[in-house]
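The values are calculated or read from the model by the stated rules, or taken from the named source; none is laboratory data. Here the structure is a predicted model, which means the values were calculated and not measured. With ideal geometry, Cβ positions are generated from the backbone for all residues, glycine too; neighbour counts draw on all protein chains shown. Areas reflect the complete protein model, heavy atoms only, side chains present, ligands, DNA and RNA absent. Shrake-Rupley method; radii C 1.70, N 1.55, O 1.52, S 1.80 Å.
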Amino acid sequence: MPTDRDPLALLETWDGLGVVLRHDQPTGTWIIIALHDDRLGRPAGGTRMKVYPALADALEDAQRLAEGMTHKWAGLDLPFGGGKAVLAIPRPLEAAERAGLIDRYAGLIASLNGTFRTGPDLGTTPEDMARIAAHCPHVLGYDFERRYSVDPGPYTARGVYESLKAAVAAAFGDDDLAGRTVLIQGVGDVGEPLARLLAADGARLLLADVDRRRAGGLAAELGAEAVDPDAVYDLPCDVYAPCAVGGTLNAGTIPRLACRVVAGSANNQLATAEDAERLHRRGILYAPDYVANSGGAMAIALMQQGLWDEEALMARVAGIGRVMAEILAEAQEQGVSPLRAARRRVERRLAAAQSSDMRSK
Ligand code: NAD
C-alpha cells in the first residue's frame, strides 16, 4: 500500500551526510544514493534494486541501510564510511531497459568522483557491477584485470559460521558443533555454503526454504533434514540461523523460539531494537546480524585494498569470530544485550575517529 509520508520530512530528520536523488525518466526509476557517515573513510555500500510502494519507502530503506553500513564498517575497523544506493524501479525491467538504467546510474556514480563506492546487493547482479565498472573504477569486489565481479556469499557464510561458533561457545561453554542442532532458514547464496561448513563439523542440520526443492536437494546431499518453512519458529534446536529475509525476530516469533542461540546472515533480523531485549530476557543469545553477516563486505573491502588471495581473504574473514566473541563477552560482563554491546563498540570506534580527525584539523 502506498505510503503518504513526505520524503522531505525523511531528509530533514536524518542524521546522515546527505542524499543524492535522481529520477531516471526512461524507466521511471528513483535513483537514491544515501551517504551516512565519512568519519572512517569515504562512504561505500551495495546497490539494491527493488520495487517499493512509494518514494518515501525507498528513501527510508536507503537511509537505514546506509546507517547499517556505517556500523558494519566501524565494527570491522575498516576505513570506509556508511553509504547505500537504492534503485527504486516501478516494475521489473526488461533486459534492455535495465542495461540503460545501470549505464545511467554508473554515469552518476562516476560524476561523484569516488564520493560513493558500491557493490552488489539484493536485486543487483555481478553483471550489473561489470556494467558499472565499464564506466568508472568505483566498484568494490570487481577484479578490473580479470573482469569479473566476486560473489560475496561464501565469504558471508564463513563470517556467519565463525560467529555462530563464537555464540555457541558463549552459550554452551565450548564451540564443538558435533551433534548440535542448527536450523537454517533459507539455503541460498549464504545458507548453502553455511550448511556445508556446519555439516563438515558434524552438526545436525534442519533446512527450511520456501523453495522446498532447494532445501530437499541440499538435505539429501548433506544427510540433513528438510523441514517445513512455516514451522521454523517452533522447532527445538540449539541454533536458529536466519539466512533468508529480515524481521523474523519479532514480538510474535520470539516467545515461540525453542533455541539457545540465533546467528545468521539475514539483514535486519530484529523487527525493532526492542526485540534484542526480548531475546535477552528469554536467555537466547543473539549474534548481532550486521557483525555476523559482514564477511562479504569485509572481503570486498580487502580486495579494494589489493588483497585478492582467496586463502588470505578467508583467514581475515574468519577473524569475525574473534570480534563476535569480544562483543558477546562484553555483553555478558555488562549484563546487556549483545546488540547493545555491539553498538557501544561501534560508537567507541566512531568517536575515536572523530577525535583524531579533529586533532588533525
Ligand atoms: P538468496 O536469495 O541467495 O537466498 C535466500 C534463500 O531464502 C532463497 O533460497 C529463498 O528461497 C529463501 N527464502 C526466502 N524467503 C524465505 C522464507 N520466508 N523462509 C524460508 N526461506 C526463504 O539470498 P542470500 O544472498 O543467501 O542472502 C540471504 C540473506 O542474507 C538476505 O537477508 C541478505 O540480505 C543477507 N546477506 C547476504 C549477503 C551475501 O553475501 N549474499 C551479505 C550480507 C547479508
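Summary of computed values
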| item | result |
| --- | --- |
| Using a Förster distance of 22 Å, the FRET efficiency for residue 234-residue 201 (Cβ separation, nearest 0.05) | 0.30 |
| Computed FRET value (nearest 0.05) for residue 351 with residue 250, which takes r as the C-beta separation and R₀ as 30 Å | 0.45 |
| Accessible carbon and sulfur surface of the chain relative to its total accessible area, %, 1.4 Å | 50 percent |
| Within segment 249-286: backbone nitrogen closer than 12 Å to the residue 50 label point (7 Å, Cα to C-beta) | 267-269 |
| Rounded to the nearest 20 debye, dipole of the chain from Cβ charges on Lys, Arg, Asp, Glu | 580 debye |
| Fully extended contour minus Cα-Cα distance, from residue 220 to residue 6, at 0.36 nm per residue | 72.0 nm |
| Under 13 Å from the residue 176 label point (7 Å along Cα→beta-carbon), backbone N, segment 195-214 | 202-203 |
| Nearest 10 degrees, 0 to 90: helix 191-200 Cα axis against the chain principal axis | 30 degrees |
| Residue 151-residue 309 pseudo-label distance in nm [points 7 Å out on the Cα-to-Cβ vector] | 2.4 nm |
| Rg ratio (alpha-carbon, reference 2.2 N^0.38 Å) - the chain | 0.98 |
| Full-stretch length increase - residue 122, residue 134 - with 0.36 nm per residue and alpha-carbon distance subtracted | 2.2 nm |
| Pair residue 329, residue 64: separation of 7 Å Cα→Cβ label points (nm) | 3.4 nm |
| Local electrostatic count at residue 237 - Lys and Arg +1, Asp and Glu -1, tallied over other residues with Cβ under 9 Å | +2 |
